[in-house]
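The values are calculated or read from the model by the stated rules, or taken from the named source; none is laboratory data. These numbers come from a predicted model, not from an experiment. Counting neighbours? That spans all protein chains shown, and the Cβs are built from the backbone with ideal geometry, glycine included. Side chains included, ligands, DNA and RNA excluded: accessible areas come from the protein's heavy atoms. Shrake-Rupley method; radii C 1.70, N 1.55, O 1.52, S 1.80 Å.
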Amino acid sequence: MVRIIEVMNNVYQIDLEPGGFSNLVSVYAINTGKGIIVFEGGPAISSNDLRNALRGLPGNITHAFITHVHIDHYGGTGGALTELNPNIEVYVHPRGGSKVLPNPDIIWIPAREAMGWLGELYGRPLEVPSKNARETKDGDRVTVGDVTVEVIHTPGHASHHQSFIVEPWDILIVGGDAAGIYVKDLDYIIPTTMEPPQI
Ligand SMILES: [Zn+2]
């Protein structure tokens, strides 16, 4: 099951519920007035669910902003987003960009070893053609319709992590891992670990 919640006007949370776990992995989508922009691609296992959820939103999917290329954050991008729009622009940090997107084994092989059953649940990321990759610079600004996304490189959880400030609301999107995982039932934030260098 996938839950779509309009958290603000034209801003949607899509809880992908991989493996039936809710409040764990969400993708956010914003209707800019000139297309839908998406933050994160979810894991490969949720790719079909993400595609179906986005089909229900008004507008074409034009841009995807990925905080980092860990399997739970971008693995479904290839199946869901590039099939909805083969020309979608996928914004990634240069260390996780055109080298990794078409070659997911770079990230999949060490992730499967480190994550065990959870890695198997999320699945091997789907290839994203390098032509879709847009490698960012710190401070880049991308405007789509009424919305502007500012890219901030935020290494820490991953060397290639980036966050986004979204105007006009000045929302900060950190993709979860940069700030910890909030466990609703415990009302507690679990810190996320740093990755061993992979790329
Ligand atoms: Zn991560």
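Checking a compactness column here: for region 38-139, what do you get for Rg(Cα) / (2.2 N^0.38 Å), N being the number of residues? Mind dumping the intermediate values first?
Values: Rg = 12.8 Å, N = 102, 2.2 N^0.38 = 12.8 Å.
The value comes to 1.00.
Where only DSSP H runs of four or more residues are counted, the chain gives -4000 deg cm²/dmol as its mean residue ellipticity at 222 nm, each run worth -39500 (n - 2.57). Beta bridges per DSSP, both residues in region 3-190: antiparallel share near 75 percent. Dipole size of region 20-101 about its Cα centre, with +1 on Lys/Arg Cβ and -1 on Asp/Glu Cβ: approximately 140 debye, rounded to the nearest 20.
Along the chain, counting only trypsin sites (Lys or Arg not before Pro) with a DSSP assignment other than H, G, I, E or B and at most 10 other Cβ atoms inside a 10 Å radius, the longest segment between sites is 1-136. Across the chain, the relative contact order, built from alpha-carbon pairs under 8 Å that are at least six residues apart, equals 16 percent. Taking all protein chains as they are arranged and a probe of 1.4 Å, the heavy atoms of ILE165 leave approximately 40 Å² accessible to solvent. For region 146-159, backbone phi angles converted through the Karplus equation (6.51, -1.76, 1.60; θ = phi - 60°) give residue-by-residue couplings of 8, 10, 10, 10, 9, 9, 10, 6, 10, x, x, 3, 9, 5 Hz, Gly and Pro being listed as x. Taking amide H as placed 1.01 Å from N in the peptide plane, the amide H of TYR91 sits under 5 Å from that of ALA64, PHE65, ILE66, ARG134, each at least 5 places away or on another chain. Karplus-derived 3J(HN,Hα) values for region 93-101, using 6.51 cos²θ - 1.76 cosθ + 1.60 with θ = phi - 60°, are 5, x, 6, x, x, 5, 6, 7, 3 Hz; glycine and proline are entered as x. Hey, what did region 1-74 get for relative contact order, percent, Cα under 8 Å, at least 6 apart? Dividing the mean separation by the residue count of region 1-74 yields 26 percent. For the chain, a simple Cβ point-charge model (Lys and Arg +1, Asp and Glu -1, everything else neutral) yields a dipole of about 460 debye relative to the Cα centre. Under 5 Å from the amide H of LEU24 lie the amide H atoms of GLU17, each residue being 5 or more positions distant or on a separate chain, with H modelled from the backbone and absent for Pro and chain starts.
Evaluate the chain: find the radius of gyration of its Cα atoms, find its Kirkwood radius, and give the ratio Rg to Rh.
Working: Rg = 15.3 Å, Rh = 16.6 Å.
Radius of gyration relative to Kirkwood radius: 0.92.
The spacing between region 114-144 and region 24-74, judged by their C-alpha centroids, is 11 Å.
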